[in-house]
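Accompanying notes for the structure given below.
The values are calculated or read from the model by the stated rules, or taken from the named source; none is laboratory data. Since we're looking at a predicted model, the values are computed, not measured. Using ideal geometry, Cβ is built from the backbone for each residue, glycine included, and neighbour counts are taken over all protein chains shown. To get the accessible areas, we keep the full protein, side chains included, count just its heavy atoms, and leave off ligands, DNA and RNA. Shrake-Rupley method; radii C 1.70, N 1.55, O 1.52, S 1.80 Å.
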Amino acid sequence: MERPDAIIVGSGINALVCAAMLGKRGKRVLVLERNGEIGGCIRTEALTAPGFLHDVMATTWVLFHAGPAYAALGADLARHGVEFTDPQHPTGVLRPNGAAAVLTRDRAANVAMFEALAEGDGDAFARGVGEVEANADLFFPLLGQQLWSRQTATLLGKAALQRRPRGLAAVFGEALAPARAWLESDIRSETAQALFAPWVLHAGLGPDTAYSGMMAKVIAFSLEALGAPIVKGGAQSLLDAFRALILEQGGEIRTGADVARIDVEGGEASGVTLADGERIATRRVIASVTPDQLYYRLLDAPPAAAVEATRKYRYGRGNFQLHYALDRPPRWKTEGLSGVALLHLTDGIDAVSKAVNEAERGMLPEVPTICVGQPTALDPSRAPEGQAALWLQMPEAPRRIKGDAAGEIAAPAGGAWTEAVREAYADRIEAILAAHIDGFGESVIARSAQSPADIEALNMNLVGGDPYGGACALDQFFLWRPFKTSVNHRTMIPGLWHIGASTHPGPGLGGGSGYLAAEAMG
């Protein structure tokens with residue numbers, strides 16, 4: 001290719017969205033990926049047994065469907081073969097006593113279901129998601145556009161005129177409440193509370209974290225409206241479509257291309273140098289990496305203020321994944337769960353809070369929250385006929401292990417995850433799962449576990465197995481992501497842009513930062 005107009009370091013969802021958006025504007029884009037395949041957290045592999053396809057980490061695309069990147073690129077991706085499932089039962093919860101609740105895509109049905117669990121809970125659910133609907137003109141732009149912009153200033157000015165300044169302050173004050181405050185004050189049924197409490201984990205939060213209440217409502221609204229779609233044939237199909245689109249636009253993707261340095265000349269980004277010594281010049285470098293990678297590894301003389309901010313930047317809990325190949329679909333002891341896309345096994349708010357606290361203190365949770373994805377219920381092509389795959393995610397895992405809250409698994413020397421600890425912890429998770437499924441043990445063909453250390457080994461940006469690009473606490477989110485001084489996706493070095501989960505609007509598969517950066521570059 002001729003000298004590229006932009007070089008993108010990394011190839012996760014934000015990098016691919018950015019490349020595709022710039023390509024639509026006629027820019028020559030070069031994507032450089034150090035691993036052998038593109039995708040970042042998006043990988044589809046035959047982890048367990050022949051004929052079974054597993055999304056290793058990221059799998060659910062509701063945020064992508066809800067965001068501007070899909071609106072801009074969806075038709076092009078479909079033209080290149082991408083199809084999404086359309087599940088009508090996006091999520092559910094199953095408690096230790098067998099009590100369960102399942103969310104559908106129908107508001108009236110959901111209200112009736114919650115009302116049957118406890119009088120008044122149907123109206124409480126409607127008020128919760130109704131709050132999101134009533135403030136959609138405010139919440140969704142703030143989650144999907146540049147915060148430091150005239151556009152946002154105008155948005156807030158109009159909101160202040162419509163709601164009055166004190167009314168707008170009240171909206172934001174309510175949005176900062178934790179999930180526990182919403183669930184325990186408005187919803188009576190513990191099973192209904194348990195349905196939503198675990199979802200804040202997938203935003204990198206806990207039920208007692210500031211603004212987790214607003215995120216729980218936004219997630220509930222989005223799941224009801226859009227479901228929990230997965231890619232037919234595995235998420236690899238989406239990567240193949242992005243590759244085809246970027247190449248069609250005249251871009252180039254190089255794998256096995258390890259960027260050793262981002263070059264800076266005259267105070268401005270001037271290109272990159274690969275580990276083999278090759279230098280590629282450009283006026284724009286877009287780094288889809290963590291702050292650690294950008295300021296500790298890729299820049300020879302990073303700004304001192306950025307180095308200090310990186311030193312203070314915190315990473316969140318680790319992630320633990322478990323995949324199963326089964327010789328038949330799971331036979332849930334509780335009826336009505338076989339078609340649920342994502343099912344959480346938990347006893348509710350306190351159980352989730354306890355596991356979060358244990359993981360954050362470096363302990364293996366005694367009873368982890370288990371998210372069970374049933375991909376073959378939505379897409380039978382992922383397993384041989386009559387068989388099934390399960391995708392399990394445990395978002396409450398310590399990055400380094402100090403001990404075991406159950407007092408059963410010995411902490412490894414130095415706190416690093418080992419194969420023995422990984423498999424012992426997987427056994428704990430499997431025992432909880434098996435208690436809810438008739439004959440589970442005899443149906444298992446194979447399983448594959450990935451600890452936080454394994455996940456970091458797959459992608460150096462997943463520090464300690466944190467899939468969210470850094471802790472999502474209020475002081476590291478919105479205006480302050482990644483740094484207190486950050487201004488959108490520009491860095492202190494002209495021509496160098498920073499995107500990815502460590503930047504606004506944060507983690508997930510929406511591709512938001514890649515889209516916003518491309519829009520800002522024009």
task = Compute the distance in nm between two label points, each set 7 Å from the Cα along the Cα-to-Cβ direction, one at K484 and one at E442.
result = 6.2 nm
task = Please list R164, R382, R261 in order of solvent-accessible area, largest first, computed with a 1.4 Å probe with all protein chains present.
result = R164, R261, R382
Contour minus Cα-Cα distance for L161 and R331 (0.36 nm per residue) = 55.7 nm
message = Rounded to whole Å, give me the distance from the Cα center of segment 128-185 to that of segment 402-437.
response = 41 Å
inquiry  = Given a Förster distance of 56 Å, report the FRET efficiency between A275 and N97 from their Cβ-Cβ distance, rounded to the nearest 0.05.
reply    = 0.55
request  = On a 0 to 90° scale, report how tilted helix 13-24 is relative to the longest principal axis of the chain, with both axes built from alpha carbons and the result rounded to the nearest 10.
outcome  = 50 degrees
inquiry  = Using helices alone, I'd like the mean residue ellipticity at 222 nm for the chain: each DSSP H run of four-plus residues gives -39500 (n - 2.57), total over residue count, nearest 500.
reply    = -11000 deg cm²/dmol
key: C-alpha long axis of helix 68-79 to longest principal axis of the chain, angle in °   = 90 degrees
Sequence of V218, V307 when ordered by accessible area, the most exposed leading, probe 1.4 angstrom = V307, V218
remark   = Expressed in square angstrom to the nearest 10, the accessible area of C472 with a 1.4 Å probe stands at 0 Å²
query = So what is the relative contact order for segment 441-522, in percent, with contacts set as C-alpha pairs under 8 Å and at least six apart?
reply = 20 percent
ask   = Alpha carbon centre of segment 458-481 versus segment 304-329: separation in Å?
value = 7 Å
remark   = Over all viewing directions the Cα convex hull of the chain casts an average projected area in nm² of 23.7 nm²
message = Tell me the per residue accessible area of the chain using a 1.4 Å probe; a whole number in Å² is fine.
response = 38 Å²
message = Just to confirm my numbers, what's the Cα centroid distance between segment 226-298 and segment 48-112 in Å?
response = 27 Å
query = Extension gain D350-L176, at 0.36 nm per residue separation less the Cα-Cα distance, in nm?
reply = 60.7 nm
remark   = For the chain, percent of DSSP beta bridges that are antiparallel (nearest 5) comes out at 65 percent
request  = Obtain the nm distance between the two label points defined at R79 and R400 by a simple spin-label model: each point lies 7 Å from its Cα along the Cα-to-C-beta direction.
outcome  = 5.0 nm
key: Exposure of T376 as accessible area (Å², to 10), given a probe of 1.4 Å and all protein chains   = 20 Å²
ask   = Can you give the angle from 0 to 90° between the axis of helix 512-521 and the longest principal axis of the chain, with both taken from C-alpha atoms, to the nearest 10?
value = 20 degrees
task = Could you name the aspartates and glutamates whose alpha carbon sits less than 14 Å from that of K333, not counting residues in the same chain fewer than 8 places away?
result = D438
request  = Run a plain Debye calculation on segment 200-358 (Cα atoms as equal point scatterers, no solvent) and give log10 I(q)/I(0) at q = 0.15 Å⁻¹, rounded to two decimals, same order as the q list.
outcome  = -1.16
message = Please compute the contact order of the chain in relative form: average sequence separation of alpha-carbon pairs under 8 Å and at least six residues apart, divided by the residue count, as a percent.
response = 23 percent
task = May I ask you to rank D327, D404 by accessible area, largest first, using a 1.4 Å probe over the protein chains only?
result = D327, D404
ask   = For segment 271-289, list residues with backbone N below 19 Å from a point placed 7 Å from the Cα of E2 toward its Cβ?
value = 271, 280-285
request  = At 7 Å along the Cα-to-beta-carbon direction for both V307 and E360, put a label point, then send me their distance in nm to one decimal.
outcome  = 3.1 nm
request  = Please give the solvent-accessible surface of L390 in Å², to the nearest 10, using a probe radius of 1.4 Å with every protein chain present.
outcome  = 0 Å²
remark   = Taking the dipole of the chain about the Cα centre (Lys, Arg +1; Asp, Glu -1; charges at Cβ), the one of L392, A170, L433 that reaches farthest to the positive side is A170
ask   = How about segment 369-475: which GluC sites (Glu not before Pro) there lie in a loop by DSSP and see at most 11 other Cβ atoms within 10 Å?
value = E385
query = Carbon and sulfur atoms: what percent of the 1.4 Å accessible area of segment 249-365 do they account for?
reply = 44 percent
query = Do you know the relative contact order of segment 387-479, to the nearest whole percent, from alpha carbon pairs under 8 angstrom that are 6+ apart?
reply = 21 percent
query = Within the set K27/K158; K158/K217; K354/K484; K158/K312; K217/K354; K27/K232, which residue pairs have Cα atoms separated by over 32 Å?
reply = K27/K158; K158/K312
query = If you place +1 on the Cβ of every Lys and Arg, -1 on the Cβ of every Asp and Glu, and leave all else neutral, what size is the dipole of the chain about its Cα centre, to the nearest 20 Debye?
reply = 1600 debye
